[in-house]
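Peer 1: The structure's right below; bear with me while I get my questions together.
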Amino acid sequence: TNQAESTNNLYGYISAVTSNGFTVTGGSSDSFYTNGDPETYVAWCWKAGGTASSNTDGSITSSVSANTTYGFSIVSYTGTANAETIGHGLNVAPSLIIAKARTESGTSANWAVYSSETGSANKLYLNQTIASTSTGNWNSTEPTASVFSVGGNGEANRNTQDMIAYCWSEVSGFSKFDSYSGGTANQTISTGFKPR
C-alpha cells in the first residue's frame, strides 16, 4: 500500500529480526498480516551489510548498509524536495531502486521505482498497476557507481520526510535485471543462471 510506517499493530507484525530468521506476532485485533490461521505466507529476505554507516558521496548525507558481494543496499535519508544526489554504497550503478517516504501517509507516498530498463526519465510504482510514465523522481539522471539522483518534485524525495531506498546492482550468476517484449509464441528468457 502507500501507507506510512506505523506502530499500529492491530493485525500482526514482525516483532523481531534475529541472526537466522524473524518472529511474527499477532496483533491486538487479528494476525492476518503475518500469521493468520490457516493462511500461507511468503517472505522475501535480503541481507545488506549489517549496521548502517554515514555516506557523504551525495549532496544529501545518507545512512547506508551495503552488501557489495550480492549487490544490495539499504539507504535512508531525509528528503528535501530539491534535486539531490544520494550515496548508495554499491560501488557500481544500481539497476533497480525502490524508494518510499516512511513518515508521510496518503496517495503521495507511493513506492517509487527506478529501473535501468525504463530509465531515469520515467517512473514505475510498486503499489500501482500503471505503466512506465515520465517523472521527476530520478531527475532524468542515471545512477552512477556512487550515487543515485532524485528530483525535487517526486515521491523519492519528499520534503522533510524520512526516506528509505532499496538498491540492487546486477551480479553475474546471482541476479539479473532486464526486459523482454511479449508475444504470442513461447519465449526463453536468458538469465545466465537458474532462478529460484
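Peer 1: Pop a pseudo-label 7 angstrom from the Cα along the beta-carbon direction at both Y180 and T144 and give the gap in nm to one decimal.
Peer 2: Spacing of the two 7 Å Cα→Cβ label points: 3.5 nm.
Peer 1: Using Cα positions and a limit of under 17 Å, work out the lysines in reach of K100, with same-chain residues fewer than 8 apart set aside.
Peer 2: List returned: K123.
Peer 1: Further question: Taking the structure as given and computing Rg and Dmax of the Cα atoms in Å, which label from [x] 17.9, 50; [y] 17.8, 54; [z] 16.0, 47 fits?
Peer 2: [x]
Peer 1: Roll a 1.4 Å probe over the protein chains and send me the accessible area per residue for the chain in Å².
Peer 2: Heavy-atom SASA per residue in the chain reads 59 Å².
Peer 1: Rounded to the nearest percent, how much of the accessible area of the chain (1.4 Å probe, protein heavy atoms only) is carbon and sulfur?
Peer 2: Its accessible area is 48 percent carbon and sulfur atoms.
Peer 1: Tell me, what is the FRET efficiency for A131 and C45 to the nearest 0.05, using R0 = 22 angstrom and their Cβ-Cβ distance as r?
Peer 2: 0.15
Peer 1: Starting with the highest mean, order 42-48, 88-94 by the number of other Cβ atoms within 10 Å, averaged over the residues of each peptide.
Peer 2: 88-94, 42-48
Peer 1: Let me check against my output: what whole-number percent is the relative contact order of the chain, with C-alpha pairs under 8 Å and at least 6 apart?
Peer 2: 20
Peer 1: Hey, what did region 38-108 get for relative contact order, percent, Cα under 8 Å, at least 6 apart?
Peer 2: Relative contact order of region 38-108: 25 percent.
Peer 1: What is the set of long-range amide H partners of S146 at a cut-off below 5 Å, with H atoms built 1.01 Å from backbone N?
Peer 2: none
Peer 1: Now for a separate question. Using the Karplus curve 6.51 cos²θ - 1.76 cosθ + 1.60 with θ = phi - 60°, work out ³J(HN,Hα) for each residue of region 77-85 in order, rounded to whole Hz, and write x for Gly and Pro.
Peer 2: 7, 9, x, 10, 6, 10, 4, 9, 10
Peer 1: Specify the inter-centroid distance of region 88-127 and region 128-196, based on alpha-carbon positions, in whole Å.
Peer 2: 7
Peer 1: Starting from the Cα of K194, draw a straight line to each of the lysines and keep only those under 26 Å, dropping any in the same chain fewer than 8 residues away.
Peer 2: Result set, ordered by chain and number: K47, K176.
The values are calculated or read from the model by the stated rules, or taken from the named source; none is laboratory data. Since the model is a prediction, treat every value here as computed from it, not as a measurement. Neighbour counts are summed over all protein chains in view; Cβ atoms, including those assigned to glycine, are modelled from backbone coordinates with ideal geometry. Please note that ligands, DNA and RNA were not included when accessible areas were found on the heavy atoms of the full protein model with its side chains. Shrake-Rupley method; radii C 1.70, N 1.55, O 1.52, S 1.80 Å.
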